[in-house]
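The values are calculated or read from the model by the stated rules, or taken from the named source; none is laboratory data. Only a predicted model underlies this, so the values are computations on that prediction, with no experimental measurement involved. All Cβ positions, glycine included, derive from the backbone under ideal geometry; neighbour counts span all protein chains shown. Note: accessible area is taken over every heavy atom of the protein model, side chains too, but ligands, DNA and RNA are not part of it. Shrake-Rupley method; radii C 1.70, N 1.55, O 1.52, S 1.80 Å.
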Number of protein chains: 2
Amino acid sequence: MVNYPNGKKGIYKTDKTSASRRGMTLEKEINMTNAYYLDEGLANIHKKPTPITIVKVDYPARSAAKITEAYFQIPSTTDYNGIYRGKYIDFEAKESASKTSFPLESIHDHQISHLRDITKHGGIGFLIIRFTQKQVTYYVRATDLFDFLEKEKRKSIPLSWFEKKGYVIPESYVKPVDYLKIVDQLYIESEDK
Amino acid sequence: MVNYPNGKKGIYKTDKTSASRRGMTLEKEINMTNAYYLDEGLANIHKKPTPITIVKVDYPARSAAKITEAYFQIPSTTDYNGIYRGKYIDFEAKESASKTSFPLESIHDHQISHLRDITKHGGIGFLIIRFTQKQVTYYVRATDLFDFLEKEKRKSIPLSWFEKKGYVIPESYVKPVDYLKIVDQLYIESEDK
């Protein structure tokens with residue numbers, strides 16, 4: 001959780017270019033970014049643990065309880081939520097290996113329902129979609145996703161839609177997926193005016 | 001998740017008194033209450049899955065992936081969070097078997113740090129503490145807990161403190177732990193005036 005490159009851990013010290021992180025998964029980069037936000041007192045946003053059904057647990061003498069049978073559950077919410085400047089933040093993050101589109105089957109129906117509900121309650125809901133081959137990561141407003149789903153019957157969202165409706169998320173050495181920059185643009189700066 | 005008594009499921013139909021739920025754990029009752037809040041469009045608040053470190057997964061042919069070795073992690077946040085009327089909600093829930101006090105060791109230090117951070121960011125943070133023998137459940141503001149920890153060096157919080165500083169959470173058939181009533185009193189109603 002705390003392997004972010006703020007100098008406390010030396011892991012990334014020798015590699016200065018962001019290209020050196022190109023093998024890193026989106027999840028890991030978001031966790032690094034969230035750890036930075038947390039550490040700097042900017043926001044408190046976490047990935048939820050993977051939901052699991054535990055069937056069997058062993059309690060070996062003098063050792064920690066050991067789970068010996070468990071199964072993955074389908075998540076009923078998005079993976080990430082938290083608070084930023086008093087606002088409730090909620091999002092799902094996915095990678096697409098395709099060069100031309102993002103397959104909608106990657107997102108469960110109840111995750112979309114969840115985002116609808118969050119939005120209704122006044123939360124800031126969005127998706128983070130990375131096209132791994134293009135090395136570009138988009139912020140997509142939940143409301144724009146709902147629009148797409150309403151109008152289109154397609155099973156995937158074309159890259160051209162992301163280029164039009166999405167916001168490219170800036171990356172930096174300490175904040176590999178600096179999505180709060182986009183939240184600032186969309187919600188905070190406009191309020192300040 | 002959806003075993004709440006709104007008539008869709010018949011489980012509780014024969015037992016009309018809340019006393020019939022007395023064997024139920026606090027967690028289960030909070031989950032029922034949250035399911036009711038969600039279903040009625042009042043709030044979107046969930047329990048986070050238990051954090052687990054997965055060591056080994058088997059992929060039997062034609063079956064779901066089976067986790068065969070995993071261990072419980074110490075949680076780094078509280079168990080529950082979500083959104084209510086645009087506000088970020090965050091809390092931890094614990095039962096005390098003692099008649100006279102609540103042992104502070106039940107709450108991890110980083111859960112308290114988490115609540116401090118949440119409060120700093122403008123979220124509504126609290127504890128739900130049930131004295132099982134007394135059958136009373138208190139809502140405790142995170143800020144009141146911080147005050148106690150600052151002033152007292154005790155390892156447990158006496159019941160008398162809860163009687164003075166806590167708010168008794170009302171219970172109803174469909175909302176066994178109706179904690180949002182207290183949130184309304186403390187944050188919403190005072191805003192409306």
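Placing a label point 7 Å from Cα along the Cα-to-Cβ axis, residue B:152 is separated from the same position in the other copies by 5.8 nm, shortest listed first. Extension gain, residue A:69 to residue A:136, is 20.3 nm, computed as 0.36 nm per intervening residue step minus the present C-alpha separation. Each Lys and Arg contributes +1 and each Asp and Glu -1, all at the Cβ; summed about the Cα centre of chain B, the dipole is approximately 480 debye.
Split the accessible area of the stretch A:2-192 by element, probe 1.4 Å, and carbon with sulfur accounts for 47%. Placing unit charges on the Cβ atoms of the charged side chains and taking the dipole of the stretch A:2-192 about its Cα centre, the candidate lying farthest along the positive direction among A:75, A:146, A:188 is A:75.
Applying a threshold of 19 Å to the alpha-carbon distances of A:94/A:165; B:134/B:165; A:66/B:155 flags A:66/B:155 as lying beyond it. Relative protection proxy for B:176-185, B:76-85, B:48-57, from highest mean packing down: B:76-85, B:176-185, B:48-57 (other beta-carbon atoms within 10 angstrom). In chain A, the ratio of gyration radius to Kirkwood radius, Rg to Rh, stands at 1.00 when only Cα atoms are counted.
Just counting partner chain Cβ atoms within 10 Å, what average do the residues of peptide B:38-47 show around their Cβ?
On the way: counts 3, 0, 0, 3, 1, 2, 10, 1, 5, 2.
What the average comes to for B:38-47 is 3.
Counting Lys and Arg as +1 and Asp and Glu as -1 over every other residue whose Cβ lies under 10 Å from the Cβ of residue A:158, the net charge comes to 0. In a simple Cβ point-charge model (Lys, Arg +1; Asp, Glu -1; nothing else charged), the protein assembly as shown has a dipole of about 680 debye relative to its Cα centre.
Rank-order B:165-172, A:32-39, A:110-117, A:148-155 by packing density, defined as the average count of other C-beta atoms within 10 Å over each peptide's residues, highest first.
On the way: B:165-172: 16.9, A:32-39: 20.4, A:110-117: 18.5, A:148-155: 10.8.
Output ranking for B:165-172, A:32-39, A:110-117, A:148-155: A:32-39, A:110-117, B:165-172, A:148-155.
Taking each residue as 0.36 nm, the span from residue A:143 to residue A:109 lengthens on full extension beyond its C-alpha to C-alpha distance by 10.7 nm.
Among the residues of B:83-94, the average count of other protein chain beta-carbon atoms within 10 Å of the residue beta-carbon is 4. Using bins of 5 Å that start at zero, the share of Cα-Cα pairs per bin across the stretch B:126-192 amounts to 4, 15, 25, 24, 17, 10, 4, 1, in whole %.
Rolling a 1.4 Å probe over the protein heavy atoms gives the protein assembly as shown an accessible area of 52 Å² per residue.
Remark: label point of residue B:136 defined 7 Å out from Cα along the Cα-Cβ vector; separations to the same position in other copies 6.2 nm, ascending.
Position residue B:25: other-copy label points at 2.8 nm, ordered by increasing distance, label point 7 Å along Cα→C-beta.
If Lys and Arg each add +1 and Asp and Glu each add -1, what is the summed charge of the other residues whose beta carbon sits under 15 Å from the beta carbon of residue B:147? Spell out each step's value before the answer.
Details: positive: B:116, B:141, B:151, B:153, B:154, B:164, B:165; negative: B:144, B:150, B:152.
Cβ neighbours under 15 Å give a net charge of +4.
For residue B:173 and residue A:116, what does the FRET efficiency come to when R0 = 30 Å and r is the distance between their Cβ atoms, rounded to the nearest 0.05?
Numbers: r = 28 Å, r/R0 = 0.95.
Taking R0 as 30 Å, the efficiency between residue B:173 and residue A:116 is 0.60.
Counting only other residues whose beta carbon sits under 15 Å from that of residue A:93, what net charge do I get with K and R as +1, D and E as -1? Once all neighbours under 15 Å are counted, the net charge is -1.
On association of chains B and A, roughly 2900 Å² of accessible area becomes buried (total for both chains; probe 1.4 Å).
One equal scatterer on each Cα of the protein assembly as shown, no solvent, Debye formula: the resulting log10 I(q)/I(0) at q = 0.07 Å⁻¹ is -0.36.
Residue by residue along B:53-66, Cβ atoms of other protein chains within 10 Å of the local Cβ number 2 on average.
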